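K.L.:
To start, I am sharing the structure in question, which I have written as structure tokens.
Nothing in this text is a laboratory measurement; each read-out follows from the coordinates by a stated rule. Everything numeric here is computed off the predicted structure, so don't read it as measured data. Virtual Cβ from ideal backbone geometry, glycine too; neighbours counted across all protein chains shown.
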Amino acid sequence: MNLFRTLPLILIPLSLSACAIPTGPVEVTRFNRIAEGVVYGTGSFTVTPAGDAQSGDGLALSPYLAAVEREMKRVGYSEALGATDVVAEISVQRVEFRGNNRSPVSVGVGGSTGSYGSGVGVGVGVNLNALADQRGVETMLDVRIRRTADNLVIWEGKAVQSGAANSPSAQPGIAASKLAAALFKDFPGTSGETITVP
């Protein structure tokens with residue numbers, strides 16, 4: 001076998017894998033009401049900013065809205081043409097830090113609807129010691145799905161990703177897609193379980 005003829009064939013998969021954008025793991029925690037008989041992945045939906053995020057910069061929030069909308073469709077919901085069965089409310093927070101010093105970054109996507117887990121479960125914490133010696137960005141995507149018939153939160157989840165400030169995971173478009181995909185992986189997920197999505 002001629003090595004010079006086979007070498008290009010060996011290098012093709014390597015060059016293709018180099019085109020993928022590495023973004024690091026995402027920590028995801030979700031809560032649902034499966035035990036109460038709630039059925040997921042059916043009906044019409046809309047996606048909207050949550051709470052005071054509605055007053056933020058729509059352009060900064062738009063990649064996250066679009067990413068959650070894609071995932072809602074993928075798991076079985078249909079875009080609302082009239083009445084809406086569920087509303088997915090999203091909030092996003094980006095925090096820049098160097099070592100243990102963290103400060104919120106105003107990017108027009110902040111906002112909250114109260115403490116995480118208030119609708120279905122309880123809060124969780126994230127350990128960022130791995131990035132203690134460099135400047136980094138932590139991005140958190142929080143999604144709550146409310147049933148419009150009774151305003152009940154039927155699902156909620158939080159996805160958190162940390163990375164160096166100059167890494168792909170710090171770019172809003174890339175972060176939005178990765179966080180939403182991780183959050184809706186195996187939807188609706190196991191209630192109360194925290195998973196790491198590579």
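K.L.:
Given a Förster distance of 22 angstrom, what is the FRET efficiency for residue 134 paired with residue 196, based on the Cβ-Cβ distance and rounded to 0.05?
P.N.:
On the way: r = 20 Å, r/R0 = 0.93.
Efficiency at R0 = 22 Å is approximately 0.60.
K.L.:
Now for a separate question. Could you give the length gained by full extension between residue 38 and residue 151, i.e. 0.36 nm per residue of separation minus their alpha carbon distance, to one decimal place?
P.N.:
39.3 nm
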